[in-house]
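Working notes, beginning with the structure itself.
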């Protein structure tokens, strides 16, 4: 195990902070670790009663293009992950989670960030229209599960949380 010897905050933003730690490695050598701190997030795989997947298309500034993604969002302090999932599903899609269950957890990039994403599967009902945050422009896209592999091959589904969620879901369907 590495042990922190000193720590400094290089940046604090609305969503992430950057911490720079000097650590001692097990053999006594010292090195620096940069850690992006994030409060954690959820991703929701909404399945309609007909078995289709509700997704959102949105432009992602960091990569300069639109992606097709599962609804997701950052957790509020002390907010249970399932409450975040229900809130984000309703805000981003207008669908309500009639049933919701956690089915996976993963770290997005543990070499330099502590962000953990909790994935939920939800029976999505209602579709009243999204009420996104002021800085979001979303388009709802309902996808047949059989179309997902092609959307992944074409690069329309290309983010880790969505690829993880839909791959796990499709694998479970094949059993």
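The values are calculated or read from the model by the stated rules, or taken from the named source; none is laboratory data. Note that the structure is a prediction, hence the values are computed from the model and not measured. Please note: Cβ atoms are built from the backbone with ideal geometry, for glycine as well, and neighbour counts cover all protein chains shown.
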In region 28-68, the residues that are over 16 Å from the mean Cα position of the chain (by Cα) and under 19 Å from residue 81 (Cβ atoms): 47
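In the set 135, 159, which member is modelled with pLDDT of 95 or more, farther than 30 Å from residue 22 by Cβ, outside the structural domain of residue 31 (by TED's automatic domain parsing) and out of contact with any helix residue (DSSP H, G or I) (no Cβ under 6 Å at 6 or more places or on another chain)?
Values: 135 fails: modelled with pLDDT of 95 or more.
Of the residues listed, the single one that is modelled with pLDDT of 95 or more, farther than 30 Å from residue 22 by Cβ, outside the structural domain of residue 31 (by TED's automatic domain parsing) and out of contact with any helix residue (DSSP H, G or I) (no Cβ under 6 Å at 6 or more places or on another chain) is 159.
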Out of all the residues in region 33-41, is one or more at pLDDT 95 or above and farther than 17 Å from residue 16 by Cα? no
Just checking: which of the strands (runs of 3 or more DSSP E) contained wholly in region 69-175 hold 2 or more residues that are under 12 Å from the mean Cα position of the chain (by Cα)? 72-74, 96-107, 116-125
Those residues that are surrounded by 16 or more Cβ atoms within 10 Å (Cβ to Cβ) and more than 24 Å from residue 36 (Cβ to Cβ), I need them from region 104-131; list them, please. 121, 122, 124, 130
Can you list residue pairs whose Cβ atoms sit under 6 Å apart, with the first residue in region 12-25 being loosely packed, with under 14 Cβ neighbours inside 10 Å and the second being in a loop (DSSP other than H, G, I, E, B)? Count only pairs 6 or more apart in sequence or on different chains. 25/2
May I ask you to list the residues in region 114-129 that are in contact with a strand residue (DSSP E or B) (Cβ under 6 Å, 6 or more places away or on another chain) and over 20 Å from residue 79 (Cβ atoms)? 123, 124, 125, 126
